[in-house]
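Reading through the structure tokens given below for one structure.
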Amino acid sequence: MTDSKPGFSTLAVHAGAQPDPTTGARVTPIYQTTAFVFEDVDHAAALFGLQAFGNIYTRITNPTTAVLEERVAALEGGTAAVAVASGHAAQHLVFHTLLRPGDSFVASRRLYGGSINQFNHAFKNYGWEVHWADTEDLAAVEAAIDATTKAIFVESLANPGGFVTDIAALAEIAHRAGIPLIVDNTMATPYLWRPFEYGADIVVHSATKFLGGHGNSMGGVIVDGGTFDWLKDDRYPMLSAPRPEYQNMVLGQTFGNFAFAIAVRVLGLRDIGPAISPFNAFQILTGIETLPLRMAKHCANALEVATWLAARPEVAWVNYAGLPGDPHHALAAKYLPKGAGAVFTFGLAGGYEAGVRLVSKVALFSHLANIGDTRSLVIHPASTTHRQLSDAQKIAAGAGPDVVRLSIGIEDAADLIADLEQALTP
Ligand code: PLP
């Protein structure tokens, strides 16, 4: 071994894992247990008081899950991570750690529809206000920040694809305002894009998608970038004020550059409770071992399929940043040199009826509401996820009657194209 830092593919296989100290098992075992025996009363007291690291109860920590957390932190270049039950749970715990009732955050209008719902509706119950902004208009983002604003939230490569967010410019705006930039890196994954290198402070993932990669397990991850100063003022009391349940410990002082991850775990996960199952952590960990191979193939296939679609008479437009001439191609070249991801939309000249026909006729593509699977997936939002909206609302949400979203898998591109060809042919 040399002392040079391991490369991304090495970290994807090894980071966080060691042979099991008891059995020698080389693959991280599934510690399918709810609780862990204390050595003695003093050990228990030290664990409960945060004076020692160790396992008490699987809602808060678990050794299988810990390997997943260390691995994602290493791949993203963060200081620590917390794995939870889903991407939505990750977002919930991040905002629970940052916001008090009456606080607000600025969010990009270009987000996964479920996140738009979570922010507009569920978060209102906590008194957390979302200020929506078009992140291509930097002045509008700045204008959306007021005295109550505690963070900016964006997706790096935004669902449903094609939209590349200028993370470096937004990090500058956030830091000028003294607030963190939170980046949902689900669609890009750290293989394509590492937001901390461009100034992001917190990264979240739906590990349900490309990280796990096989469409078999829900999960979410929160990664602490370790660079934000939580103690510079009193805006983030979960980190800067004494915690009564931990002998008045100030988490930001005690845990330094991984204090945010600790606060998410010992205040958020402990009290709100969306733990990931050790079995799902194991599945996602196994998926991550092949992340570099899968993402390279996903992206190569997506470019081939998008190029083919763009030349078809049935197709009015293709929204994929990997295509030369796409409005986001320059930003993709800057941030995503290894590929522009595998999820994108296109428009059918035949409108709504053509969309319904396409999803009914595909045989290799699966018609379902997910992304980031080894299998190729298709959805026609206007007849499914966005069905309840008016036509005007559908268009505003990027889900007009003609729009089809694809998540390109790792099959042979020729077979994917053949399936789309037979489905497009009247
Ligand atoms: N973020 C993005 C970009 C997503 O696409 C999704 C789900 O589709 C989520 C977050 C929510 O993740 P989960 O479904 O794991 O709660």
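A straight line joining the Cα centroids of the range 334-362 and the range 134-211 runs 24 Å.
Residues Thr384, Thr28, arranged from fewest to most other Cβ atoms within 10 angstrom of their Cβ, appear as Thr384, Thr28. Among the lysines of the chain, pairs that are 8 or more positions apart or on different chains and have alpha carbons within less than 17 Å of each other number 4. Sequentially through the range 171-183, phi angles give Karplus couplings (6.51, -1.76, 1.60; θ = phi - 60°) of 4, 5, 5, 4, 6, 4, 8, x, 10, x, 9, 9, 10 Hz, Gly and Pro residues having no value and appearing as x. What does the charge count near Arg194 come to, summing +1 for each Lys or Arg and -1 for each Asp or Glu among other residues with Cβ under 12 Å from its Cβ? Value of the local net charge: -1. Amide H contacts of Trp132 (H built 1.01 Å from N, in plane; Pro and chain starts excluded): Ala107 sit under 5 Å, all sequence-distant by 5 or more or on other chains. A Gaussian network model of the chain, with springs between Cα atoms under 10 Å, assigns the largest mean-square fluctuation among Pro242, Pro190, Pro274 to Pro242.
Taking other C-beta atoms within 10 Å as the exposure proxy, Ser156, Ser240, Ser4 rank Ser4, Ser240, Ser156 from fewest upward. Subtracting the Cα-Cα distance of Asp137 and Thr33 from 0.36 nm times their residue separation leaves 32.5 nm of extension gain.
Shape of the range 21-287 from its Cα gyration tensor (a ≥ b ≥ c, root eigenvalues): rounded if a/c is under 1.5, otherwise prolate when a/b > b/c, or oblate? The shape class here is oblate. A Stokes-Einstein calculation at 37 °C with viscosity 0.692 mPa s, built on the Kirkwood radius of the range 62-129 over Cα pairs, returns a diffusion coefficient of 242 µm²/s.
Result for the chain in a Gaussian network model with C-alpha springs under 10 Å: among Val204, Val37, Val164, the largest mean-square fluctuation is at Val37.
Of the residues Gly325, Gly252, Gly24, the one that moves most in a GNM of the chain with alpha-carbon contacts below 10 Å is Gly24.
Relative contact order for the chain: what percent, with Cα pairs under 8 Å and sequence separation of 6 or more? It rounds to 16 percent for the chain.
For Ala151, the residues whose amide H sits under 5 Å from its own are Val106, ignoring neighbours fewer than 5 places away on the same chain, with H placed 1.01 Å from N. Remark: the range 143-149, residue by residue, has Karplus-estimated 3J(HN,Hα) of 5, 7, 7, 10, 5, 8, 7 Hz, where x stands for each Gly or Pro and the curve is 6.51 cos²θ - 1.76 cosθ + 1.60 at θ = phi - 60°. The 3J(HN,Hα) values that the Karplus relation (6.51, -1.76, 1.60; θ = phi - 60°) gives for the range 409-426 are, in residue order, x, 10, 6, 6, 4, 4, 6, 5, 5, 4, 5, 5, 4, 5, 6, 7, 6, x Hz. Gly and Pro appear as x.
A cut-off of 5 Å between modelled amide H atoms, ignoring neighbours fewer than 5 places along the same chain, links Trp317 with Gly347.
Exposure proxy shown here: for His367, His88, the number of other Cβ atoms within 10 Å sets the order, fewest to most, as His367, His88. In the chain, the DSSP beta bridges split such that about 60 percent are antiparallel, to the nearest 5.
We did not get these values from a lab; they are worked out from the coordinates using the rules stated. This is a predicted model, so every value here is computed, not measured. As a convention, Cβ positions derive from the backbone with ideal geometry for all residues, glycine included, and neighbour counts pool all protein chains shown.
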